[in-house]
1. Pull up the range 153-178, narrow it to residues that are small (G, A, S) and in a loop (DSSP other than H, G, I, E, B), then point me to the one that is modelled with the highest pLDDT.
2. If you check A95 against the conditions, is it surrounded by fewer than 19 Cβ atoms within 10 Å (Cβ to Cβ), within 18 Å of the chain's Cα centre (by Cα) and of a type outside the set (D, E, K, R)?
3. Checking A199 against (1) buried (at least 17 other Cβ atoms within 10 Å of the Cβ); (2) closer than 21 Å to L135 by Cβ, which single condition isn't satisfied?
4. Check G70, G38 and return the single one that is surrounded by fewer than 17 Cβ atoms within 10 Å (Cβ to Cβ), modelled with pLDDT under 95 and within 15 Å of L321 (Cβ to Cβ).
5. Tell me, yes or no, whether the range 214-229 has at least one residue that is more than 19 Å from A13 (Cα to Cα), open to solvent by 50 Å² or more (accessible area, probe 1.4 Å) and acidic (D, E).
6. Given the conditions (1) surrounded by fewer than 21 Cβ atoms within 10 Å (Cβ to Cβ); (2) in contact (Cβ under 8 Å) with a residue 24 or more places away in the chain, and given that E102 satisfies all but one, which numbered condition is not satisfied?
7. R342 is checked against (1) of a type in the set (K, R); (2) within 28 Å of the chain's Cα centre (by Cα); (3) over 22 Å from R301 (Cβ atoms) and fails just one. What number does that condition carry?
8. Could you give every pair whose Cβ atoms fall below 6 Å, whose first residue belongs to the range 312-334 and is in contact (Cβ under 8 Å) with a residue 60 or more places away in the chain and on the phi > 0 side of the Ramachandran plot, and whose second residue is hydrophobic (A, V, I, L, M, F, W, C) and crowded, with 22+ Cβ neighbours inside 10 Å, counting only separations of at least 6 or pairs across chains?
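The values are calculated or read from the model by the stated rules, or taken from the named source; none is laboratory data. These numbers were taken from a predicted model, which means no experiment stands behind them. As a convention, Cβ positions derive from the backbone with ideal geometry for all residues, glycine included, and neighbour counts pool all protein chains shown. Remember, those area values only see protein heavy atoms, side chains included, never the ligands or the DNA or RNA. Shrake-Rupley method; radii C 1.70, N 1.55, O 1.52, S 1.80 Å.
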Amino acid sequence: MTAVTPQPHSVTALSRDEARRLALRAQGLLGADGRRAGVRGVLRRLGSVQLDTISVLARSHELIPYSRLGAVDRTEIESAYWSGERSFEYWSHAACILPVEEWPLFAFRRRAYRSRPHWHHELSPAAYDAVLTQLRERGPLTASQLGGAKNGGEWWDWSASKIAVERALMYGEVVCTRRSGWKRVYDLAERAVPAPLLADEPADDECVRRLVAQAGAAMGVATRADLADYHRLKAAQVDAVVADSGLVPVEVEGWSKPAWADPAALATPPRGRHRTTLLSPFDSLIWDRPRTERIFGFTHRLEAYVPRARRIHGYFVMPLLSGGRLIGRVDPAREGTTLVARQVSMDDTEAARPMAQALYEAAGWVGCDTVRVERCDDPAHAAALRRELIRLGG
């Protein structure tokens with residue numbers, strides 16, 4: 001039987017709308033306070049920005065601050081992530097950029113990796129030591145610079161140096177300090193991580209407690225499953241620490257499971273301007289499909305890895321956020337200086353204006369000066385969208 005943390009008799013009751021607005025503010029998509037600290041502030045607020053190889057308008061880790069801050073220069077985004085001792089890449093929700101302050105919080109995961117069998121890769125101690133020696137003597141390097149990432153076979157046929165450096169990354173002896181041409185650049189943790197953080201090794205339960213608290217603050221209000229999913233913890237781990245996490249139990253209208261909220265979020269009602277923007281499918285606001293359906297009544301599915309014939313909405317579907325609601329989606333592409341909306345779907349014709357606005361803003365950000373719609377799933381919606389695009393200039 002699944003354990004559930006007992007709830008006190010008196011808990012705060014939230015409406016669906018209140019829970020939705022708390023989630024939006026926590027994610028930096030409602031009000032101005034989420035925008036004041038720039039890209040670095042976005043990373044600290046979210047605690048985890050997912051990386052992915054797909055690049056349509058831009059890579060997902062660039063789209064995350066764009067959706068919250070608007071047309072931030074992309075070189076500024078990369079600089080904010082990687083310049084100095086600001087962040088590191090590690091396994092959180094997936095492969096993610098994490099604020100360097102969170103280095104101690106993943107000590108439990110590094111210890112767990114060190115105690116695991118060595119997967120399917122055999123590796124000699126000499127090969128492992130050789131990689132660490134190269135990094136110590138030569139400074140930050142990619143896998144190619146360490147001796148080559150592959151043996152010449154399939155993509156998973158890693159070389160000994162690649163196996164070694166990835167193992168050292170999981171163990172915490174090596175850190176990915178940035179990406180260069182989408183290749184990881186590795187450095188020794190003793191050089192890349194500030195000494196006080198490197199020396200901080202909390203016990204497993206303390207790591208998990210702090211990660212649960214961080215996830216709760218980043219989501220505003222969350223169920224146990226939500227809290228576990230944010231940094232890919234186990235439900236039992238959440239159960240063991242949630243009572244001491246600082247989060248408080250709440251009841252949310254229509255939610256069948258117990259929930260917890262950040263008390264700081266409950267202290268003041270969410271107010272301010274909503275962002276109108278397109279969201280990366282890997283955005284932490286929507287990366288958890290059940291949570292997205294529960295909060296927004298919106299079914300979100302990444303179809304990039306679905307065979308073309310079985311796709312419903314397109315390859316890289318970006319939901320449209322406007323007025324605090326998800327009211328449409330678009331599968332974008334770039335052709336020269338034209339942003340092409342390959343497939344668009346909207347809730348109604350009222351969504352045409354924010355969709356046009358979001359498309360034009362995204363186009364300008366990536367250097368396009370024209371927007372073209374190829375397909376829309378409703379003729380009336382298509383006509384309304386084209387009228388709004390003409391009004392905006394094209």
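1. G172
2. Working: surrounded by fewer than 19 Cβ atoms within 10 Å (Cβ to Cβ): yes; within 18 Å of the chain's Cα centre (by Cα): yes; of a type outside the set (D, E, K, R): yes.
It is true that A95 is surrounded by fewer than 19 Cβ atoms within 10 Å (Cβ to Cβ), within 18 Å of the chain's Cα centre (by Cα) and of a type outside the set (D, E, K, R).
3. Result: A199 passes all but (1).
4. Details: G38 fails: within 15 Å of L321 (Cβ to Cβ).
It is G70.
5. No; the residues of the range 214-229 include none that is more than 19 Å from A13 (Cα to Cα), open to solvent by 50 Å² or more (accessible area, probe 1.4 Å) and acidic (D, E).
6. It fails just one condition, (1).
7. In the conditions (1) of a type in the set (K, R); (2) within 28 Å of the chain's Cα centre (by Cα); (3) over 22 Å from R301 (Cβ atoms), R342 misses (3) alone.
8. Note: pairs meeting the criteria are G324/L24.
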